[in-house]
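These notes are about the structure you will find just below.
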Amino acid sequence: AVSDVVLLDKEAKAITELPKEAVSVSLSANDLAYVIYTSGSTGKPKGVLIEHDSICNTIQGQIAQFALSDEDNCLQFASPSFDASVWEILLSLLSGATLCIIEESEKYEIDYFVRFIKEQNITFATLPPAFFRFLDVEKISSIKTLVTAGEAAPIENARLFAEKATYFNAYGPTET
């Protein structure tokens, strides 16, 4: 199966062939953490090289800004191929919060989404404004901090949410 194979040093190997002991890795703040492709404000896709110090500074600043702690349950809504997923994952794990991953194939079904938020007691979420537009703010009451990013926020939903909890309209974690 594809999931049983990893690419290591440009050679595909079965997981069972990999060493069992931990590999020693030396990293510096300026080493590359990942590359993400974005069109940014230009509309022309480009690869953005993200170094460890850049993403660490961004995440540590956001943990403080959002006051995340080990008492929070954070939603991972973004696809792993989108830079927002790195942000969601690291915000959660580095703050000690619980990362709650919603089923990719069902997350856009509103009733499933609302049920997931309630059952997992999600307290922090980042959502695309186009999706947030379709939510009944009253039904996502466990969320204490909501961030939308990537496009214009639905003003009425944002106002309603901000009356009861903390709302941030954000954009561009990769470019930061």
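The values are calculated or read from the model by the stated rules, or taken from the named source; none is laboratory data. Computed from a prediction, not measured in an experiment: that's the story for all the values here. All Cβ positions, even for glycine, are placed from backbone atoms using ideal geometry, and neighbour counts span all protein chains on display. Just the protein is used for accessible areas: all its heavy atoms, side chains included, with ligands, DNA and RNA removed. Shrake-Rupley method; radii C 1.70, N 1.55, O 1.52, S 1.80 Å.
Summary table
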item	result
Estimated dipole of the chain in Debye, rounded to 20 [Cβ of Lys and Arg +1, of Asp and Glu -1, Cα centre]	380 debye
Residues of region 120-145 with amide N under 12 Å of the 7 Å Cα→Cβ point at E156	133-137
Region 12-99 shape via C-alpha gyration tensor axes, a/c threshold 1.5	oblate
Unit charges on C-beta of K, R, D, E only; dipole of region 80-151, Debye	260 debye
Radius ratio Rg over Rh of the chain, counting only Cα atoms, Kirkwood formula for Rh	1.01
Distance (nanometres) between label positions extended 7 Å along Cα→Cβ at A130 and I110	1.7 nm
Amide proton proximity set for Q76, modelled H, under 5 Å, gap of 5+	C100, I101, I102
MRE, 222 nm, helices only [DSSP H, n ≥ 4, -39500 (n - 2.57), over the chain, to nearest 500]	-8500 deg cm²/dmol
Accessible-area order (highest first, 1.4 angstrom probe) of the listed residues K107, K118	K118, K107
Percent accessible area from carbon and sulfur atoms, region 67-176, protein chains only, probe 1.4 Å	53 percent
Å² of accessible area per residue within region 39-129, as computed with a 1.4 Å probe and no ligands counted	52 Å²
Accessible surface ranking that places the most exposed of Y37, Y112 first, with a 1.4 angstrom probe	Y37, Y112
The chain: relative contact order in percent, alpha carbon pairs under 8 Å with at least 6 residues between	16 percent
Nonlocal amide H pairs with Y34, under 5 Å, H built at 1.01 Å	I50
Phi-based couplings in Hz for region 127-141 (Karplus 6.51, -1.76, 1.60; Gly and Pro marked x)	10, x, x, 4, 7, 4, 4, 8, 8, 8, 4, 4, 8, 10, 5
